[in-house]
Each structure stands twice: as structure tokens, then as C-alpha cells.
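Okay, here's the structure, questions in a sec.
Values quoted throughout were computed directly from the atomic coordinates according to the rules given, and no laboratory measurement underlies them. Since this is a predicted model, take the numbers as computed values, not measurements. Note that we place each Cβ from the backbone using ideal geometry, even for glycine, and neighbour counts take in every protein chain shown.
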Amino acid sequence: MAGFTIAVISHRRRHRLGDVLEQHGARIVSVQGVRAVPQPDPEAMGRATAAVLDGQVDDVVAASAAGVRAWLSAAPEPARLLAVLRSARLLAADARTADALRAAGLHEVMSTAAGSASQLYRYLLTHEPAGRRIAAQLDAPEQAEACRSLRIRGADVVEVPTYVPQPPNDVLGVRRVVELMSRRQLDAVAWLDPVGAEHVLRFATAHGRLPAVVAQLGVHIPAVCFGPLAAATLRGHGMEPALPPMPFDEESAALLATSVLDRVVRATVDGLALEVRGHAAMVDGRLFPIQRGPIDVLRVLAQSPDRVLSSADIRRLVPGLAEVDDHAIEMAVSRLRRAVPGLNLVQTVIKHGYRLAT
């Protein structure tokens, strides 16, 4: 995925999905769209606890040690809650969460080697969850997508949120990603939860950028959501995102890779294979980073390799160049040639324009 820039919007300043994409060569813009503050709403947690106590529970998913302690300490009938939990299969996200359960007198606890709640949800989703009643302690908004997937597969899921969502502190990061989306300067955007998506789109609305964002996302910039909840938020604003088969990092990374690679423009230059990517050109397997303006010029030339495009044609076809003069186009072509030394990518046709050097 080298040569592509992908934004990851989540509740973290740096999400694991960004690490997965970066390992495959992508450039990542990490944005905290929402903060998950570990101070649960007592009323919401009380209603959820009452729902848990309303019947037999087959599985309990514990996402964090702090969340487990907050849930148990706030329960109006802690002995009754412990009795219900003791009769269920206890799944802890990591060793610390398992220790928190054991400290409460719950000893039969399973935990994951990966130390991730997503692995617990993957386990449940792949082991016939239909008909099972599951109590899910949530410490992040994106975990609601996994709960939704369990319901789709026939499980009865009671969500116990032990956090409250708050707007992000990093307003500059949100502003930056909104500007990048509206100017078509990203190759894909991953939206991991509905709350973060709503915060970012609300910011875009307040600053008059929502129409430009909607015009780009899903049309020119692939939008990938973790699950149907975040997708519903985008659809409510007129966008059509793609969804992975399961709401996890690996499936989302695979879908993002497919989405950006499907948009690569391919051509042949001087007998060499050319791939025009988001911010780089791949020539015969070698990657050449190229600035946004020059790479956009190369893309439109590669899309019509046998045509001569005038400066007016290029201005019309390249976003952001509509107001520049012929000299700016000439400079973009010059920078493009310098970015790929030793290969004449673009030919100048005197008094007519430019074409790919096929």
C-alpha cells in the first residue's frame, strides 16, 4: 500500500488499524474523532445492569479492568450481579481485566493472548452465537459495532457502557482531516465508530465544509466503516461507505487495500510499467514519492495516454488547479520530471500541451 494516504478516525490518538496499514506501506493520518472517558454514566449503567439481571447470561465480555471495577462498584445489588456473572462464561480482554474479575471472587475466567477485546468478539462471532445471551462491558464506542454483528447473527446482547463519549481535544486534527477530505487529498478514510463520525461531520457542518466532504467521500475517496452503525451515520449525510465482512482491524485493512488499489491508474512509459498512486508513482517496481499537484497531473495524463492535454484540459480535470495559470501547469510538469529522474515521463507538444511519454 505504499504511495497511499489513509485517514483513520477513531476514539484513540493512534489506533491499531493505522499500525496494520502502516506495516503494509501506507501513510497514515490518525484522528481522534471522539474521546472515550472512563467515567460511566450511572443512569445508563444502572439500566444496563437491570437488563443483565433480567435473565440468564451465557457469556460476559469484559473489555477493561477499570470498566469491570466501575460496573461492580456501581451495581445496586452487587451480590445478585456477581451470582449472575458467576454462572456465565467470563471472557476477559487481557490479564489485568481477568485479575479484576478474580479480585471480585470470579475465578473461571478466559482471556486472550492478544490482549484485545476485539479478539473476544471474533471468537464469539465465529462460534455460533445464535440464541446466546451476552453481557458486554464496553469501554470504547467501536465495540458497539461488534455487538451489532452478534445481534445480526442471532445473539441477545446487553451492552454495559462503562465510559461516556466526549468531543475530542485535538480540534486541529479534526480540522486537518476535514480539509484533506474536502480537497481530495486522501486516498481513503476509515470510520471506526458512529460517535466519532458524527463529531467530525458536525465539525465539517459548522465550518461550511460538509458539502465538499460529501462530494468527495464514497465518490472520489473510498470511505470504509467498521460496521453498520458508523455506516448509518455517513448515509444520513448522503454518503455511501463500504463495510468489511466483520468489524475488525484485519478485515477493514483488507477492504481499504482493495479500495485504493482498485483506483490505481496503470500505463506503460518507455516500455516500463507505470502505476500512479495517491502520492507516488511506481515505475517498474520502484516507488517515487511525488507532490500532490504533480501527481494529479500525471494521473490525468496516464488516464488518457494517447491524448495531448492542453493546460486548459489539465486545469479542468485536476481538482485544485482550476484557478491557476499556464505557468503553474508548466511548473507542475517540471517538478514531476524532477521527481522521477532518468525517465522522461511527460512529453511537451509545442503549442498544444502535454502527453504521457508512451
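At R0 = 35 Å, how high is the FRET efficiency between Ala242 and Ala130 if r is their beta carbon distance? Nearest 0.05 is fine.
0.85
Still on this structure: Using per-residue counts of other Cβ atoms within 10 Å, averaged over each peptide, order 244-251, 57-64, 115-122 from highest down.
Result, highest mean first: 57-64, 115-122, 244-251.
Mean residue ellipticity at 222 nm from the helices of the chain, using -39,500 (n - 2.57) per DSSP H segment of n ≥ 4 over the full residue count, to the nearest 500 deg cm²/dmol?
Result for the chain, helices only: -12500 deg cm²/dmol.
Right, next: What base-10 log of the normalised intensity I(q)/I(0) is obtained for the range 121-228 from the Debye formula, alpha carbons as equal point scatterers, at q = 0.15, 0.20 Å⁻¹?
-0.73, -0.99
Identify which of the listed values of mean projected area of the Cα convex hull in nm² was calculated from the structure shown: (1) 19.8; (2) 21.7; (3) 16.9.
Read-out taken from this structure: (1).
Now, a different point. Only sites in a loop by DSSP and with at most 14 other Cβ atoms within 10 Å count here; which trypsin sites (Lys or Arg not before Pro) in the range 19-105 make the cut? It would help to have the intermediate numbers written out before the result.
Values: sites: Arg27, Arg35, Arg47, Arg69, Arg80, Arg86, Arg89, Arg96, Arg102; in loops: none.
When the trypsin sites (Lys or Arg not before Pro) of the range 19-105 are filtered for loop state and at most 14 Cβ neighbours within 10 Å, nothing remains.
Once Lys and Arg get +1 and Asp and Glu get -1 on their Cβ, which of Leu120, Ile290, Val349 lies farthest toward the positive end of the dipole of the chain?
Positive-end residue among those listed: Val349.
Do you know the relative contact order of the range 37-164, to the nearest whole percent, from alpha carbon pairs under 8 angstrom that are 6+ apart?
The value is 34 percent.
Could you give me D for the range 37-164, from Stokes-Einstein at 20 °C and 1.002 mPa s, where the hydrodynamic radius is the Kirkwood radius over C-alpha pairs? Units µm² s⁻¹, please.
The Stokes-Einstein estimate is 151 µm²/s.
Can you work out the FRET efficiency for the pair Asp41 and His220, with r the C-beta to C-beta distance and R0 = 41 Å, to the nearest 0.05?
It comes out at approximately 0.55.
OK, next. Please give, to one decimal in nm, the separation of the simple spin-label points placed at Arg13 and Gln56, each 7 Å out from Cα toward the Cβ.
4.7 nm
What is the distance in Å between the Cα centres of the range 164-210 and the range 245-280?
Taking the Cα centre of each part, the range 164-210 and the range 245-280 sit 24 Å apart.
Here is a further query. Cα gyration tensor of the range 199-358, axes a ≥ b ≥ c as square roots of the eigenvalues: rounded (a/c below 1.5), prolate (a/b > b/c) or oblate?
oblate
Multiply the residue gap between Leu287 and Glu323 by 0.36 nm, knock off their C-alpha separation, and tell me the result in nm, one decimal place.
9.9 nm
Ok, one more. Is the range 172-218 best put as rounded, prolate or oblate by its Cα gyration tensor, with a ≥ b ≥ c the root eigenvalues, rounded for a/c under 1.5, and otherwise prolate when a/b is larger than b/c, oblate when not? Intermediate results must be reported in sequence, preceding the final value.
Details: a/c = 1.41, a/b = 1.09, b/c = 1.29.
Cα axes put the range 172-218 in the rounded bin.
Can you tell me, using C-alpha contacts under 8 Å and at least 6 residues apart, the relative contact order of the chain as a whole percent? Don't skip to the end; give the middle numbers.
On the way: 708 pairs, mean separation 56.1, N = 358.
So the answer I get is 16 percent.
Grab the beta carbon distance between Ser304 and Ile152, set R0 = 35 Å, and tell me the FRET efficiency rounded to 0.05.
Plugging the Cβ-Cβ distance into 1/(1 + (r/R0)^6) gives 0.20.
Treating the beta-carbon of each Lys and Arg as +1 and of each Asp and Glu as -1, no other charges, what is the dipole magnitude of the range 178-294 about its Cα centre, to the nearest 20 debye?
Values: 10 positive and 12 negative charges, 96 e Å.
The calculated dipole for the range 178-294 is roughly 460 debye.
Report, to the nearest 10°, how far helix 65-74 tilts away from the longest principal axis of the Cα atoms in the chain, using its own Cα long axis and a range of 0 to 90°.
40 degrees
Order the peptides 198-207, 306-315 from the highest to the lowest mean number of other Cβ atoms within 10 Å of their residues.
Top of the packing list down: 198-207, 306-315.
Need the full-extension length gain, Ser334 to Ala114, defined as separation in residues times 0.36 nm minus the C-alpha distance. One decimal, nm. Show your work: numbers first, answer last.
On the way: separation 220, 0.36 × 220 = 79.20 nm, distance 4.94 nm.
Gain on stretching Ser334 to Ala114: 74.3 nm.
What shape does the range 152-284 have by the C-alpha gyration tensor, where a ≥ b ≥ c are the square roots of the eigenvalues, rounded means a/c under 1.5, and otherwise prolate means a/b greater than b/c and oblate the rest?
Verdict is oblate for the range 152-284.
Percent antiparallel among DSSP beta bridges with both residues in the chain, to the nearest 5?
In the chain, DSSP labels about 40 percent of beta bridges as antiparallel.
What nm value, rounded to one decimal, do you get for the distance between Ala95 and Thr348 when each label is placed 7 Å out toward the C-beta?
Each label point is offset 7 Å from its Cα along the Cβ direction, giving 6.6 nm.
Taking only Cα atoms, what is the 0 to 90° angle, nearest 10, from helix 249-261's long axis to the longest principal axis of the chain?
Computed tilt is about 20 degrees.
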